[in-house]
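Worksheet for the structure shown next.
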Amino acid sequence: MRAALYNGPHAIEVGDRPDPVITAPTDAIVRVVLSCVCGSDLWYYRGESPHDLGPIGHEFIGVVEEVGREVRGIAKGDFVIAPFIYCDGTCAHCRAGVTSQCVAGAAFGNHGIDGGQGEAVRVPLAGSTLVRVAGSGYSDAMMRSLLSLSDVMCTGHHAAVSAGVKSGDVVAVVGDGAVGLCGIIAARRLGAARIVALSRNPARQELARSFGATDILAERGDAAIEAVRELTNGVGVDAALECVGTGQSVATALAVTRPGSVVGIVGVPHGVDASIAVTIVFRNVGLRGGVAPARAYIPELLTDVLEGRINPGRVFDFETDLDHVAEAYQAMDERRAIKSLVRIGAKETRR
Ligand SMILES: [Zn+2]
């Protein structure tokens, strides 16, 4: 089969990999229909996070081609969403809802595990990992939103849930990438009354507004902190979503949050100073978040997607096919794209 291969920083190429086969009775083989590039893939692309040479990509939807004899609840021909980390559904962490820390789990697309940016994927622990989507004949817009549930919409949701966003809250969203934009959808969905988005890019500002942002601030750093404090009469916001992961974005999120509140942090940390602990203690601001337990969130978000209440697939503003996957990375690296979709296969099932 053909798949995107990480050959080192700035070197994503399409190459041949062995066709995946069932190696454990709990495996399934999924033929990928849509995949995409994650902001975290960019850290690998830029050489700022380590990544094994070989398969890459952890977000995909597709059709089940084959299942091992112990797979329950998923059958050949099913249309499925894969959360970006597979999980057993039974360990203590899974039972607590933190499927992203499953003791038997791992992410797709690294350490030799098939990547979503390829024609097919061996999915370990398939019965407890894959989420079946009933029905067929979905529009392209719906397919994009279903793909977003593999990671980005669940990650935005995790930021909002971790920050404790509730009805009537004033929420700040730091980061206008796809995760931040999905964080706006999530904050609105949880009832936020006012959502302040930090963005200086006109296209992203427009999408932020259509997702529910009520205020847009183009300022950065200290000026952004000052502007949010002014908007909230010097109090600070009830919850902040940190969706970037840099030292400055974490510092901004902590600074705009009122005492007693929590920053939901989901950006992959790079250059975050340990002195933020001083802020956490002396401003009485909490910090929680981490890797989104997508498998735990997909069912409730899927209902909202299928019923048209949320349209997170609108974050995809660049599209290509597997042959041109390198361009999908370049477009995001150069910030020409919010998030790149990679069209891989047809949804029609082959029986
Ligand atoms: Zn588990």
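A short reminder: the numbers here are calculations on the coordinates, not readings from a lab. Computed from a predicted model, the values in this text were never measured in an experiment. Every residue, glycine as well, gets a Cβ built from its backbone with ideal geometry; the counts of neighbours run over all protein chains shown.
The stretch between residue 136 and residue 90, if pulled fully straight at 0.36 nm per residue, gains 13.6 nm over its current Cα-Cα span.
Between residue 334 and residue 307, the FRET efficiency from the beta-carbon distance, with R0 = 35 Å, is close to 0.45.
Spin-label model, residue 210/residue 21: points 7 Å from Cα along the beta carbon direction are separated by 4.7 nm.
When N counts the residues of the chain, how does its alpha-carbon radius of gyration compare numerically with 2.2 N^0.38 Å, as a ratio? Present the calculation step by step, with values, prior to reporting the outcome.
On the way: Rg = 19.6 Å, N = 351, 2.2 N^0.38 = 20.4 Å.
That works out to 0.96 for the chain.
Counting pairs of alpha carbon atoms under 8 Å apart in space and at least six apart in sequence, what relative contact order in percent does segment 204-257 give?
Details: 38 pairs, mean separation 16.0, N = 54.
Once divided by the residue count of segment 204-257, the mean separation gives 30 percent.
One chain, two ends: residue 230 and residue 1. Fully extended at 0.36 nm per residue, the span grows by 76.9 nm beyond their Cα-Cα distance.
May I ask for the distance between the Cα centers of segment 257-331 and segment 128-162, given as a whole number of Å? A separation of 14 Å, based on Cα centres. With each label modelled as a point 7 angstrom along the Cα→C-beta vector, the residue 321-residue 52 pair spans 3.0 nm. Placing a pseudo-label 7 Å from each Cα along the Cα-to-Cβ vector at residue 104 and residue 223 gives an inter-label distance of 5.3 nm. Packing, as the average of other Cβ atoms within 10 Å across residues, places the peptides 230-237, 197-204, 284-291 in the order 197-204, 284-291, 230-237, highest first. Looking at segment 240-338, the GluC sites (Glu not before Pro) that sit in a DSSP loop and have at most 16 other Cβ atoms within 10 Å of their own Cβ are 307, 334. The alpha carbon centroids of segment 174-245 and segment 3-40 are separated by 34 Å. Look at the alpha carbon pairs under 8 Å that are at least 6 residues apart: their mean separation over the length of segment 153-193 gives a relative contact order of 57 percent.
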